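Take a look at the structure below.
The values are calculated or read from the model by the stated rules, or taken from the named source; none is laboratory data. Note that this is a predicted model, so its numbers are computed, not measured. Please note: Cβ atoms are built from the backbone with ideal geometry, for glycine as well, and neighbour counts cover all protein chains shown.
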Amino acid sequence: MRQEDLDGLIAFVTAAEEQGFSAAAVRLGVTPSAVSQAIRNLEQRLGLTLFNRTTRSVRLTEIGARYLERVRPAIADLTAASVELGQEAEHPSGLLRLNVPRAAYTIVLQPILRRFLERYPQVRIEIRIESQLVDVIGQGFDAGIRFGDLVEKDMIALKIGPPIVAHVIASPEYLARRGTPAHPQDLLDHDCICFRHVTTGQIERWLFEQDGEAIALAVSGRLTLNDSSALVQAALDGNGIAYMINGYIEPLIAQGRLVRLLADWSPPLAGLALYYPDRRRVPAKLRALIDFLRTELAQAEVQPPPETLRALPVPG
């Protein structure tokens, strides 16, 4: 069907229901001549006479009545769809599917999930937590969250969450036993807990920066992990020094269970970004999340609530 095949249908149905071109024009907010012309064009395309016209009235022909019977349900469905979608823009609904790494869930989503779901009761959320990059379009996700330097260039990326900074951490017990490093190079003489990236298989290098001096340190140690929660727990257990981003560990530092080291050497890192395909119109459910994150998280530095600790296997 061509686009022009639909022209005039609304005018036809409205004129039939109102039994007149003038009344239809009032209802549609146009001139009677516009209604008349639209119906005349429709009749010419169909090769049919849909209305019997007199100087005082218009009435459906027999074939016009049959045509009305066929097209009215379709017009009603189209109208209902437009109304429904318009309501969705004001009242977001439906299933919102997100693909995020554990860090993004713990730092960005977990603290706001309850409030978001309370504000938008018609939105359901499915979150898949995985470290490797995936094709969010091909796998049916509405959006993903990754560190900004990992987002593909053909995606729309929005910075979310607090600034991300590297933290070097250890337990007080470990430091009492092995001493406190005063310079990044001192870490080479310590047991460092290594992190192996799932996506690349490489051991993470520890980055440091101070007064224009940058150091990328290939640390070593007897323990290597690939999970952030396990990394924090290993540091709590006194197994060595760990390199971790903020968002997980502030409560543990405040409680004295972990000590931050070399803070004046800690560089800022690529922050988290919510990304989604380049679309002219963002779905209302995703737009609601974007606006909510901007309001909740893009203010002053955000500290994770105590509930964040539930994501960590912290001993009582």
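Taking N226, is it under 25 Å from L272 (Cα atoms) and not assigned by TED's automatic domain parsing to the domain that holds Q132? Outline the logic, then answer.
Numbers: under 25 Å from L272 (Cα atoms): yes; not assigned by TED's automatic domain parsing to the domain that holds Q132: yes.
Criteria met by N226.
Please find, within region 249-274, the residue that is farthest from D189 (Cα to Cα) out of those that are buried (at least 20 other Cβ atoms within 10 Å of the Cβ) and within 21 Å of the chain's Cα centre (by Cα). Selected residue: L274.
Hey, can you tell me all the residues within region 31-63 that are hydrophobic (A, V, I, L, M, F, W, C) and in contact with a Ser or Thr (Cβ under 7 Å, 6 or more places away or on another chain)?
Across region 31-63, the qualifying residues are L50, F51.
What residue, of L258, L289, is at pLDDT 85 or above and not assigned by TED's automatic domain parsing to the domain that holds L150?
On the way: L289 fails: not assigned by TED's automatic domain parsing to the domain that holds L150.
After ruling out the rest, the residue left standing is L258.
Among residues of region 24-49 that are aliphatic (A, V, I, L, M), those with a Cβ under 6 angstrom from a residue that is in a helix (DSSP H, G or I) and exposed (fewer than 13 other Cβ atoms within 10 Å of the Cβ), sequence gap 6+ or separate chain, pair up as L48/I63.
Output the residue which, of all residues in region 50-84 that are β-branched (V, I, T) and surrounded by 13 or more Cβ atoms within 10 Å (Cβ to Cβ), is modelled with the highest pLDDT.
Looking only at region 50-84, we keep the residues that are β-branched (V, I, T), and these are 54-55, 58, 61, 63, 71, 75, 79, 83.
Then drop every residue that is not surrounded by 13 or more Cβ atoms within 10 Å (Cβ to Cβ), which leaves 58, 61, 71, 75.
Details: V58: 86, T61: 94, V71: 89, I75: 83.
Out of the qualifying residues, it is T61.
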